[in-house]
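The values are calculated or read from the model by the stated rules, or taken from the named source; none is laboratory data. Computed from a predicted model, the values in this text were never measured in an experiment. Because the Cβ atoms are built from the backbone with ideal geometry, glycine has one as well, and the counts that use them run over all protein chains shown. What goes into the accessible areas is simple: the full protein's heavy atoms, side chains included, and nothing from ligands, DNA or RNA. Shrake-Rupley method; radii C 1.70, N 1.55, O 1.52, S 1.80 Å.
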Amino acid sequence: MTCASCVGRVERALGKIEGVHTVSVNLATERADIRANDGVDQRTLVQAIEGAGYRVPSNSIDLAVDGMTCASCVGRVERALKAVPGVTDATVNLATERASVRGTASGQALVAAVAGAGYVARPVEATAASDDEATERKDAERRELKRDLIVAIVLAFPVFALEMGSHFIPGVHKLIAHTVGMQASWYLQFVLTTLVLAIPGNRFYRKGLPALLRLAPDMNSLVAIGTFAAYGYSLVATFAPGLLPAGTVHVYYEAAAVIVALILLGRYLEARAKGARRKPSSDWQGCKRGLLASAAMER
């Protein structure tokens, strides 16, 4: 805009939009103050301005995205954001769990797009309070991962020892057969593996199955399918062996339990690495504040 005529032209273009009550355009600040109903979309306003021959500069919005676990998740979130009208570019970082979006789309539309892809997003506010909140949330997530990892290891180790122990110590299977019996051993493995999948492994089914139903499988979906296949086959071998061909009656409880434990171990180590990556920054900020305070006292 270069003159009062431009201001009037923009105001008239915006005023024609259904749901817009008042429009006030300021030439000095190059801003438009619009009072409108909630149903008026920001993209509609931008298109009206562009139709009048002017341009709305793109802005940058940073989003914190929760629930991403792999590169497939990153690609899915980026595609969802780029599909929002008004977005010119979107970049997602898995390590920092942040999305940087450029364009004229509103933050609400971006958050809704990410939610439609199966993830949770929120605008990032550059304040100390929001940083502390994010750190606290990540610490809680790391503690939860550690708890689930310990539970998975405690429950999965006996299953692994019962089924795979003879590969390390010859005669373990004969010992089990002559003491508790192989069928009783399978029953025990069934109970322990069920606990592994129901308690620490529940996170994979809770996130992976909905993603699979949306025809957008991620790492959680792969873990859910793999563990359930081993567990389901073992259930048939344990409680309905007659349904299987001769010579194929085997159990794979240890595969399902150990997969859950190993994936949780990887995610816990990843969460720790992310936490360690953030700490130097916070330590430096604390050191910087201390130096400034010392300098002020000396003055």
_Would the chain count as rounded, prolate or oblate if I go by the C-alpha gyration tensor, calling it rounded below 1.5 in a/c and otherwise prolate when a/b exceeds b/c, oblate otherwise?_
oblate
*Whichever aspartates and glutamates have a C-alpha closer than 15 Å to that of residue 174, once near sequence neighbours (fewer than 8 apart) are set aside*: 163
*asked:* Given a 1.4 angstrom probe, I'd like the percentage of the accessible area of region 41-155 that is carbon and sulfur, rounded to a whole number.
replied: 54 percent
*the chain, relative contact order in percent, only Cα pairs under 8 angstrom and at least six apart counted*: 13 percent
_Using only the alpha-carbon atoms, how far is helix 202-213 inclined from the longest principal axis of the chain? Give it as 0 to 90 degrees, nearest 10._
60 degrees
*Mean ellipticity per residue at 222 nm, deg cm²/dmol - from DSSP H runs of n ≥ 4 across the chain, formula -39500 (n - 2.57)*: -21000 deg cm²/dmol
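Summing +1 for each Lys or Arg and -1 for each Asp or Glu, what net charge is found among the other residues whose Cβ lies under 10 Å from the Cβ of residue 90?
+1
Carbon and sulfur atoms: what percent of the 1.4 Å accessible area of region 212-264 do they account for?
80 percent
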*Return one whole number: the accessible area per residue of the chain in Å², for a 1.4 Å probe.*
58 Å²
*When ranked by the protection proxy of mean other Cβ atoms within 10 Å per residue, highest first, what sequence do the peptides 223-230, 250-257 form?*
250-257, 223-230
*Along the three principal axes, how long is region 1-117 when you take its alpha carbons, biggest first, rounded to the nearest angstrom?*
52, 27, 19
*Could you order peptides 103-114, 181-192, 49-60 by the average number of other Cβ atoms within 10 Å of their residues, highest first?*
103-114, 181-192, 49-60
_Within-15-Å neighbourhood charge of residue 212 [Cβ basis; K, R +1; D, E -1]_ = +4
*Give the angle, between 0 and 90 degrees and rounded to the nearest 10, that separates the Cα long axis of helix 4-15 from the longest principal axis of the Cα atoms of the chain.*
50 degrees
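Taking 25 Å as R0, compute the FRET efficiency from the Cβ-Cβ separation of residue 58 and residue 214 and round it to 0.05.
Step by step, r from the Cβ atoms, then E = 0.25.
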_Candidate aspartates and glutamates - alpha carbon under 14 Å from residue 138, same-chain residues fewer than 8 apart omitted_ = 66, 97, 270
